[in-house]
Amino acid sequence: MAPGDGRVALDGRWTADQGGAVEIAAARIAAEARSRPVMVDLSAVARLDTLGAWVLERTRGEIEAAGGRLSYAGVRPEHRILLGEMHLRDPEPAAPVRQGRVFAMLDGLGRRVVRGGHDLITGLAFLGEVIAACLRVASRPSTFRGRAFVNQIEQVAFRGVPIIFLISFLVGGIVAQQGIFQLQRFGAAAFVVNLIGLLILRELGVLLTSIMVAGRSGSAFTAEIGSMRMREEVDALRVMGLDPIEILIVPRILALVVGLPMLTLIAALAALTGGGLTAMAYGGLTLEQFLARLQAAVGVHHVLVGLIKAPFMALIIGIIATIEGFAVEGSAESLGRHVTASVVKSIFMVIVLDGLFAVFFAAIDF
């Protein structure tokens, strides 16, 4: 090693069998760098192996950590590759300081609130993109993917009818049975018709349908788009000059907005059927009595309440499902995490939206 005027020329073999000499030379380089920047010339090095490269990179890291500067000159391509592989990574972050239980709880709550705010802003921005894409499609009807829309209607609505009908039928029967058992104490078992009529048409029908659609179709949307993200198909659409929002999102969300009200009506009819059969079996009502009391208890506006809620809930489910799909990264773990988040967030927001609608309709006496 020949130091002089900030330039250090290395020669010989910087290999494992010369470990002692390599360490001594590295110490001299570090001493030289204390007073000025150092340039290390590797053009005369006969051989450089992993140990030599690691010692040089370790020395460079120590010098830069102390505020100095070390650079290389005359580096052959094979040496440059080896030095790059030995480049020191940033140190692992220190273990977090243990906090008190109350402080940790407040810290976690604050972080969740911040994440919730970010999710809300992201959702609003994405909603704007979807609306803009819908306007573009409306201005150019030839670009609308009719086949994709029909396919999504089949997947969301037609194929979802059996499970939604069955679940709603059973829930309607269970609600009617429990209502009859409680109302019989007061000799008012016949009022179970009012109970199930109002509850199902205004709240339970659309809420149950939205939750099942979020778990069935929302998770499917997230998984489909997430898989496309993992296979870089979304990037391929952008490379081809196509808008992924128009191609992937608009048909799915429109299918949800159209299909969920239809499923809500089917769910309400199924639940009323289950409740009516239970009322006739446990409450002693005849079919004519059940239909007469149902007609007296509910009106068209009760049916409209559930149908008005359905498109908004469909929009919420579609937005959340597609956002989570686009957030998927290149691993199966990420896909599973975002599918779970899609279902949980959709169900939570559906319940919140149902509560807001309940307050709104009560305020306007509808």
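The values are calculated or read from the model by the stated rules, or taken from the named source; none is laboratory data. Owing to the predicted nature of the structure, the values given are computational and were not obtained by experimental measurement. Positions of Cβ are generated from backbone atoms using ideal geometry, with glycine treated the same way; all protein chains shown enter the neighbour counts. The accessibility values were calculated without ligands, DNA or RNA, using every heavy atom of the protein model including side chains. Shrake-Rupley method; radii C 1.70, N 1.55, O 1.52, S 1.80 Å.
Just a few scattered comments:
- Note on the range 241-250: among residues that are in a loop (DSSP other than H, G, I, E, B) and not hydrophobic (A, V, I, L, M, F, W, C), the one that is nearest to LEU135 (Cα to Cα) is ASP243.
- Scope the range 124-139; condition open to solvent by 50 Å² or more (accessible area, probe 1.4 Å), within 22 Å of the chain's Cα centre (by Cα) and free of Cβ contacts under 8 Å to residues at least 60 places away in the same chain; matching residues: LEU124, ALA125, ILE131
- Count of the range 5-38 residues, restricted to those that are free of Cβ contacts under 8 Å to residues at least 12 places away in the same chain, more than 13 Å from THR59 (Cα to Cα), open to solvent by 90 Å² or more (accessible area, probe 1.4 Å) and not polar (S, T, N, Q), is 2.
- Condition broken by MET86, with the remaining ones in (1) at pLDDT below 80; (2) open to solvent by 90 Å² or more (accessible area, probe 1.4 Å); (3) hydrophobic (A, V, I, L, M, F, W, C) satisfied: (2)
- Flag if GLY68 is without any contact (Cβ under 8 Å) to a residue 40 or more places away in the chain and part of a helix (DSSP H, G or I): no
- Qualifying residue in the range 108-122 (condition: of a type in the set (D, E, K, R) and in contact with a Lys or Arg (Cβ under 9 Å, 6 or more places away or on another chain)): yes
- Selected residue [at pLDDT 80 or above, part of a strand (DSSP E or B) and touching a helix residue (DSSP H, G or I) at 6+ places or on another chain (Cβ under 8 Å)] from VAL45, VAL55: VAL45
- The range 278-287, subset farther than 13 Å from VAL171 by Cβ and either modelled with pLDDT of 90 or more or among the aliphatic types (A, V, I, L, M) (or both), residue least open to solvent (accessible area, probe 1.4 Å): ALA279
- Applying the condition of being open to solvent by less than 30 Å² (accessible area, probe 1.4 Å) and under 16 Å from the mean Cα position of the chain (by Cα) to the range 182-226 and asking which residue is nearest to ALA297 (Cα to Cα) yields ALA214.
- The residue pairs whose first member lies in the range 216-243 and is farther than 17 Å from GLU324 by Cβ, whose second member is open to solvent by 30 Å² or more (accessible area, probe 1.4 Å), and whose beta carbons are closer than 7 Å, counting only pairs six or more residues apart or on different chains, are LEU237/ILE247.
- Residues in the range 92-105 that are open to solvent by less than 100 Å² (accessible area, probe 1.4 Å) and assigned to a helix (DSSP H, G or I) were compared, and the one that is modelled with the lowest pLDDT is ALA104.
- Extreme residue, least open to solvent (accessible area, probe 1.4 Å), among residues of the range 140-180 that are at pLDDT below 90 and among the hydroxyl-bearing types (Ser, Thr, Tyr): THR143
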